[in-house]
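A short write-up of the structure that comes next.
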Amino acid sequence: MKILGFVGSMRKNRNTYQVVKSCLDAAEASDKNVETEIVYVADLKIEPCKACYELCSVKPYVCVVKDDLQKVLEKMVEADAIVLGCPRYFLIPSKMTAFMERLACLSFFTEMNHPEARHPLEDKPCGLIAVSGGADVMPVLKHLMNFALCLRMKVITLKAYPYFGVGGEGDITKDEDLKPLENAKILGQKLVETIKTKNY
Ligand SMILES: Cc1cc2nc3c(=O)[nH]c(=O)nc-3n(C[C@H](O)[C@H](O)[C@H](O)COP(=O)(O)O)c2cc1C
């Protein structure tokens, strides 16, 4: 079982990474067959969407812009589950916006011309994580949720607030309200359980 985690922060090894890592470590600890990988969106060469519709609306999951998008999509397709971690930068980092725009536009093939076709990420379990310097993480989580649903993935919900993902505000190690590191572990375990049982 492979779980692929994305870190949308422009900084390495900081809050977003730590919460994503906590989730992936818990997933690995819960089953010896789980392997994980972290991808920094900042390391990817991803251009903004050109809104040309040229290839993406007529051919399945290809884009005229040649950069790291295809490689990332292949990794996502191969993975059994995805974790999207993102900090609040007013809303989200511009690099993360480019990443999301480009992947979301690949859905134009199904949405505009082939509603019967199956999206390559359809039904893939997806965990959401958002951190901030102290402001509400809910707008970031809602944004990530829209994206995940647009890609027809299954967003894994939690019993603890904010329910459709893990949030962390301010110093994540001291956030006693949202308990990001603790809830990230629960999310990791739930992702593994979901992959095994396909119960979503
Ligand atoms: C350009 C930029 C904009 C930010 N905007 C906000 C914001 O609107 N609200 C907030 O609470 N924190 C904001 N932050 C703080 C980050 O959300 C916070 O430092 C977070 O921990 C960054 O994630 P990282 O530790 O993984 O890099 C901003 C940071 C940057 C660099």
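The values are calculated or read from the model by the stated rules, or taken from the named source; none is laboratory data. On a predicted model such as this, the values are computed, not experimentally measured, just so you know. Heads up, the Cβs are rebuilt from the backbone with ideal geometry, glycines too, and the neighbour counts pull from every protein chain shown.
Looking at this structure, is Thr110 assigned to a helix (DSSP H, G or I) and more than 18 Å from Phe6 (Cβ to Cβ)?
yes
Which pairs do you get when a residue that is farther than 17 Å from Leu181 by Cβ, found in region 6-18, comes within reach of a residue that is in a loop (DSSP other than H, G, I, E, B) and not β-branched (Val, Ile, Thr), reach meaning Cβ atoms under 6 angstrom, with the pair 6+ apart or on two chains?
Pairs found: Gly8/Pro93; Met10/Pro93.
When only residues in region 98-119 that are touching a Leu at 6+ places or on another chain (Cβ under 8 Å), without any contact (Cβ under 8 Å) to a residue 60 or more places away in the chain and not charged (D, E, K, R) count, which is nearest to the ligand (Cβ to nearest atom)?
Going through the qualifying residues, I end up with Leu103.
For region 19-43, how many residues are touching a helix residue (DSSP H, G or I) at 6+ places or on another chain (Cβ under 7 Å), touching a residue at least 40 places away in the same chain (Cβ under 8 Å) and within 16 Å of the ligand (Cβ to nearest atom)?
6
Here is a yes/no grid of residues against (1) surrounded by fewer than 17 Cβ atoms within 10 Å (Cβ to Cβ); (2) of a type in the set (Ser, Thr, Tyr); (3) at pLDDT below 95:
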position: Tyr17; (1), (2), (3): no, yes, no
position: Val20; (1), (2), (3): no, no, no
position: Ala29; (1), (2), (3): yes, no, no
position: Ile46; (1), (2), (3): no, no, no
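Could you figure out which of (1) touching a residue at least 24 places away in the same chain (Cβ under 8 Å); (2) in a loop (DSSP other than H, G, I, E, B) isn't true of Lys50?
(1)
Restricting the first residue to region 189-200 and requiring it to be β-branched (Val, Ile, Thr), which pairs with a second residue that is surrounded by fewer than 19 Cβ atoms within 10 Å (Cβ to Cβ) and not in a loop (DSSP other than H, G, I, E, B) meet a Cβ separation below 7 Å and a spacing of at least six or different chains?
Val192/Ser30
Within the group Thr194, Thr157, which residue is part of a loop (DSSP other than H, G, I, E, B), farther than 15 Å from Val19 by Cβ and in contact with a Phe, Trp or Tyr (Cβ under 9 Å, 6 or more places away or on another chain)?
Exactly one of Thr194, Thr157 is part of a loop (DSSP other than H, G, I, E, B), farther than 15 Å from Val19 by Cβ and in contact with a Phe, Trp or Tyr (Cβ under 9 Å, 6 or more places away or on another chain), namely Thr157.
Here are Leu144, Leu158, Leu121: which of them is touching a strand residue (DSSP E or B) at 6+ places or on another chain (Cβ under 9 Å) and crowded, with 24+ Cβ neighbours inside 10 Å?
Numbers: Leu158 fails: crowded, with 24+ Cβ neighbours inside 10 Å; Leu121 fails: crowded, with 24+ Cβ neighbours inside 10 Å.
Only one candidate passes the filter, namely Leu144.
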